[in-house]
Ligand SMILES: Cc1ncc(C[n+]2csc(CCOP(=O)(O)OP(=O)(O)O)c2C)c(N)n1
Ligand code: SF4
Ligand code: SF4
Ligand code: SF4
């Protein structure tokens, strides 16, 4: 009997269970195929839609591949100079405390040129959400080594792999900010598999809920891929990430509020 | 016994052929086409829609949000 059901019977508005969020614009994203930036944008938009805060959210875009994020999310957004997103978010949140304010930053932006802004805004406990996309590389500028590039990882400036004797150790920003008194909720997630996307979405939702209660800085790292910079197919990059990035950057909560 | 039956609609012109939906589908509904779309990507298509349960996994991992999912009890 079920065999008689055809697609037209199922594809009806009343049966709809997932579609692109209405907070996303119709613009086609410029990201490379399979890039985690796109997946993350979708869930940020979904949370904003589900919380009904489209008119009350202000995002700060970084310098990096996601510099044009304001073309894709239909919310107020402000572009910051490289690494300065948390400083700008601090100002906006202090001036407009009723708004939901978040930054969206790559690892070159947040963990290299913006290290000071990141650490001090977290230490001050600014009431903002920082979303940190860690793909271990400077994606936009051609895949150079970032502070987050793991040992042995190839990049355009470490063609034989990162040698820590010469280039120093990779930096774990999430571990650092979790030790600061101003952070309230700190977690490391990913968006490469359905279960991980759902978990990360829940984390973003939680962070916005905490912001409503003025709890302090929430910090969500998303270990992500850069298929173009890593010179892999998207599916290969996700596998490589699981095998090589996750052992060094294990997923999970670093600081969770006592309920 | 009630069973879940799903169907997906992929916007083939907006698909970038990344293939992450293919690996995310537990019932092997999706494959990349040998044809290319206007952008030159081997777009994703449902090749085994009968096996779709409407679990939404494919849509949840699609970076470009081009998959819409429907589900009904039959
Ligand atoms: C002040 C300044 N210095 C350097 C640059 C060049 N630049 C542009 S993007 C970028 C790095 C971006 O890497 P990341 O933050 O990891 O983001 P991704 O592109 O990987 O998403 C750099 C160094 C710049 N635009 N401005
Ligand atoms: S260069 Fe890397 S981070 Fe940038 S859009 Fe392409 S895959 Fe994504
Ligand atoms: S909804 Fe689930 S079963 Fe259907 S195609 Fe997508 S992943 Fe496969
Ligand atoms: S995940 Fe989206 S963009 Fe990638 S192949 Fe599937 S439908 Fe196309």
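The values are calculated or read from the model by the stated rules, or taken from the named source; none is laboratory data. Because the structure is predicted, anything quoted here is derived from the model rather than measured. Counting neighbours? That spans all protein chains shown, and the Cβs are built from the backbone with ideal geometry, glycine included.
Results, tabulated for the structure shown:
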| item | result |
| --- | --- |
| Subset of the range A:178-208 that is within 11 Å of chain B (Cβ to nearest Cβ) and assigned to a loop (DSSP other than H, G, I, E, B) - its residue that is surrounded by the most Cβ atoms within 10 Å (Cβ to Cβ) | A:191 |
| Single match in A:21, A:66 (criterion: in contact with a helix residue (DSSP H, G or I) (Cβ under 7 Å, 6 or more places away or on another chain), within 13 Å of chain B (Cβ to nearest Cβ) and away from ligand 2 (no atom under 16 Å from the Cβ)) | A:21 |
| Scan of the range A:1-27 for residues that are surrounded by 15 or more Cβ atoms within 10 Å (Cβ to Cβ), part of a helix (DSSP H, G or I) and at pLDDT below 95, ordered by number | A:7 |
| Only listed residue being within 9 Å of ligand 3 (Cβ to nearest atom) and in contact with a helix residue (DSSP H, G or I) (Cβ under 8 Å, 6 or more places away or on another chain), chosen from B:24, B:44, B:31 | B:24 |
| Residue that is nearest to the other protein chains (Cβ to nearest Cβ) [pool: residues in the range B:1-12 that are part of a loop (DSSP other than H, G, I, E, B) and at pLDDT below 95] | B:3 |
| Residues within the range A:215-237 that are touching a residue at least 24 places away in the same chain (Cβ under 8 Å), over 22 Å from residue A:111 (Cα atoms) and not in a loop (DSSP other than H, G, I, E, B), tallied | 2 |
| Test: residue in the range A:225-237 that is exposed (fewer than 15 other Cβ atoms within 10 Å of the Cβ), at pLDDT below 95 and more than 14 Å from chain B (Cβ to nearest Cβ) | no |
| Filter result for residue A:142 (within 15 Å of ligand 1 (Cβ to nearest atom), buried (at least 22 other Cβ atoms within 10 Å of the Cβ), touching a residue at least 60 places away in the same chain (Cβ under 8 Å) and more than 14 Å from chain B (Cβ to nearest Cβ)) | no |
| Hits in the range B:1-21 - residues which are in contact with a helix residue (DSSP H, G or I) (Cβ under 7 Å, 6 or more places away or on another chain) and closer than 18 Å to residue A:227 by Cβ | B:18, B:19, B:20, B:21 |
| Close pairs from the range B:33-47: first under 21 Å from residue B:69 (Cα atoms) and at pLDDT 95 or above, partner within 11 Å of ligand 3 (Cβ to nearest atom) and assigned to a loop (DSSP other than H, G, I, E, B), Cβ under 9 Å, at least 6 apart | B:33/B:47; B:44/B:62; B:46/B:29; B:46/B:52; B:47/B:28; B:47/B:29 |
| Flag if residue B:15 is within 8 Å of ligand 3 (Cβ to nearest atom), part of a loop (DSSP other than H, G, I, E, B) and on the phi < 0 side of the Ramachandran plot | no |
| Test result for residue A:114, within 14 Å of ligand 2 (Cβ to nearest atom) and away from every other protein chain (no Cβ under 14 Å) | no |
| Residue within the range A:205-218 that is within 25 Å of residue B:23 (Cβ to Cβ) and touching a helix residue (DSSP H, G or I) at 6+ places or on another chain (Cβ under 9 Å) present | no |
| Matching strands (runs of 3 or more DSSP E) fully within the range A:28-129 where at least 2 residues are touching a residue at least 60 places away in the same chain (Cβ under 8 Å) and surrounded by 19 or more Cβ atoms within 10 Å (Cβ to Cβ) | A:100-106 |
| Lone unmet requirement of (1) closer than 20 Å to residue A:45 by Cα; (2) at the interface with chain A (Cβ under 7 Å from one of its Cβ atoms); (3) assigned to a loop (DSSP other than H, G, I, E, B); (4) touching a residue at least 24 places away in the same chain (Cβ under 8 Å) for residue B:68 | (3) |
| Options B:23, B:53; residue that is within 7 Å of another protein chain (Cβ to nearest Cβ), away from ligand 2 (no atom under 16 Å from the Cβ) and either assigned to a loop (DSSP other than H, G, I, E, B) or without any contact (Cβ under 8 Å) to a residue 24 or more places away in the chain (or both) | B:23 |
